[in-house]
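S.K.: Okay, here's the structure, questions in a sec.
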Amino acid sequence: MAGEKNLDQLLASLSPRLNEGEFVFCTAKDAKYGDFKDLNPVATYREDQGLTLVLGKKMPTKRNSSTDPHSSASLWTSIPALRR
């Protein structure tokens with residue numbers, strides 16, 4: 001599969017889209033995939049620090065009351081794949 005190699009053309013072809021809502025990142029040190037499926041995370045990924053979950057800001061987070069997961073909310077931007 002050949003990819004676009006011209007950076008100017010690649011950047012000009014992008015059409016980012018802002019998704020609704022605000023999101024927070026939470027990391028659980030010794031967690032594994034599936035441990036927090038009841039929270040319905042938008043995304044999960046493994047890092048050295050543990051399993052990071054991306055959650056909707058309105059999602060109640062009672063599992064770890066020692067941290068404030070809402071201290072830094074983020075927006076979610078999608079960039080659809082380039083199609084020819």
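S.K.: At a threshold of 8 angstrom on Cα-Cα distance, excluding pairs fewer than six apart, so keeping six or more, what relative contact order does the range 17-60 reach in percent? Mind dumping the intermediate values first?
M.R.: Details: 62 pairs, mean separation 21.1, N = 44.
Relative contact order comes out at 48 percent.
S.K.: Using the Kirkwood radius over Cα pairs, work out the Stokes-Einstein diffusion coefficient for the range 17-60 at 4 °C and 1.567 mPa s, in µm²/s as a whole number.
M.R.: Result for D is 119 µm²/s.
S.K.: While we're looking at this one, here's another question. Under 5 Å between amide hydrogens, which residues at least 5 positions from residue 31 or on another chain qualify, with H placed 1.01 Å from N in the peptide plane?
M.R.: 51
Every number here is computed from the coordinates shown, using simple stated rules; none is lab data. As the structure is a prediction and not an experimental result, all values here were calculated from the model.
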